[in-house]
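Asks: Just passing along the structure, written as structure tokens.
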Amino acid sequence: MTDIFDPNKLQDTAADSLRKTLGQDAQLEGELHELKQQLAKLPESANPLERAKLLLEMARAHQILERGAEAWPLGRTAFDIYAEAEAWEEAADACDILYQCDQPDSLVALGNGAWLGVTFPIDPEISVHLLSHIVDDTPDDADGAAVAAATALFLADVRAEEGTEKERLTFFSNQMLGQVARRHSQVDNEEQFSFWIEKLELNDPDKFLVRLRNVIDVLAQDDWWIDRDAIQASLPH
């Protein structure tokens, strides 16, 4: 039996969706109020990382509420505190939020975050998420998206713990790489995909990681929020 279209059901669905959105927004506003209170109660002698955590969660809430201009200074301050403490995973997470704030320096934030996410063995989900933003922000015919997607798959494979996390991140990264292949070179079968991978040297980390460095440099526009030279000098060779 064919269902008869009922416009009232469509209205109900839209109303339910609006109620759900308003409910989520109200919950975030409540969380923001609580975070502000916690921040105000922090003594001057408190660990700076405690302050940074509250600032970052406030920034995250503002960003989800699409208040990027309000989120930016909170997230940027949190980043500086984390960078000073060499808490690179949290600093990269701050960059992820700052990129999504859609502010003038959001691409700079993405460049800084992607560099940290590749350089340090942080939570691979943060790294993959940052690299997916590069894919989204790269023109269809540019190689940068392919390099970012290949790096995401590489990091998911070598850094994610065996089990569901690795399966999920590897699946997501594989899907992303396949989408990039289709939009970049109209790849639509396995044979074309293999040829495309070899042509762009996406099966050689020593080559595509160097190319990713160039992509990140373009994003950061030489506006580095960390001392890359000092960090690289301190890394084991």
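Asks: Which percent of the accessible area of the chain is formed by carbon and sulfur heavy atoms (probe 1.4 angstrom)?
Replies: About 50 percent, which is the carbon plus sulfur part of the accessible surface.
Asks: 7 Å from Cα along Cα→Cβ at both Gln179 and Asp137: what's the point-to-point distance in nm?
Replies: Output for this residue pair reads 1.7 nm.
Asks: Something else now. Percent relative contact order of the chain, based on C-alpha pairs within less than 8 angstrom and at least six residues apart?
Replies: Value for the chain: 14 percent.
Asks: Roughly how many Å² is the accessible area per residue of the chain, as a whole number, for a 1.4 Å probe?
Replies: With all protein chains present, the chain gives 58 Å² per residue.
Asks: Continuing with this model, one more query. Remind me, relative contact order of region 106-221 in percent, using alpha carbon pairs under 8 angstrom and six or more residues apart?
Replies: After rounding, I find 34 percent.
Asks: Span-like helices, the chain: DSSP H, alpha-carbon axial extent 15 Å or more, mean Kyte-Doolittle -0.5 or greater, which ones?
Replies: Passing helices, by number: 48-64, 68-84, 88-100, 106-119, 124-136, 144-159, 205-220.
Asks: While we're looking at this one, here's another question. Once you treat every alpha carbon in the chain as an equal point and sum by Debye, what is log10 I(q)/I(0) at q = 0.09 Å⁻¹?
Replies: -0.48
Asks: Can you tell me the length gained on complete extension of the stretch Arg168 to Ala233, counting 0.36 nm per residue apart and subtracting the Cα distance?
Replies: Between Arg168 and Ala233, full extension yields 20.0 nm more.
Asks: So, in the chain, how many Lys pairs have Cα atoms under 23 Å apart, if the pair is 8 or more places apart or on different chains?
Replies: 4
Asks: Output the peptides 228-236, 140-148 sorted from most to least packed, where packing is the average of other Cβ atoms within 10 Å over each peptide's residues.
Replies: Ranked from most to least packed, the peptides come out as 140-148, 228-236.
Asks: Taking the mean number of other Cβ atoms within 10 Å as a proxy for protection, how do you rank 54-62, 162-170, 211-219 from highest to lowest?
Replies: Going from most to least packed, we get 54-62, 211-219, 162-170.
The values are calculated or read from the model by the stated rules, or taken from the named source; none is laboratory data. Since this is a predicted model, take the numbers as computed values, not measurements. A quick note on method: Cβ atoms are made from the backbone with ideal geometry, for glycine too, and the neighbour counts reach across all protein chains shown. Areas reflect the complete protein model, heavy atoms only, side chains present, ligands, DNA and RNA absent. Shrake-Rupley method; radii C 1.70, N 1.55, O 1.52, S 1.80 Å.
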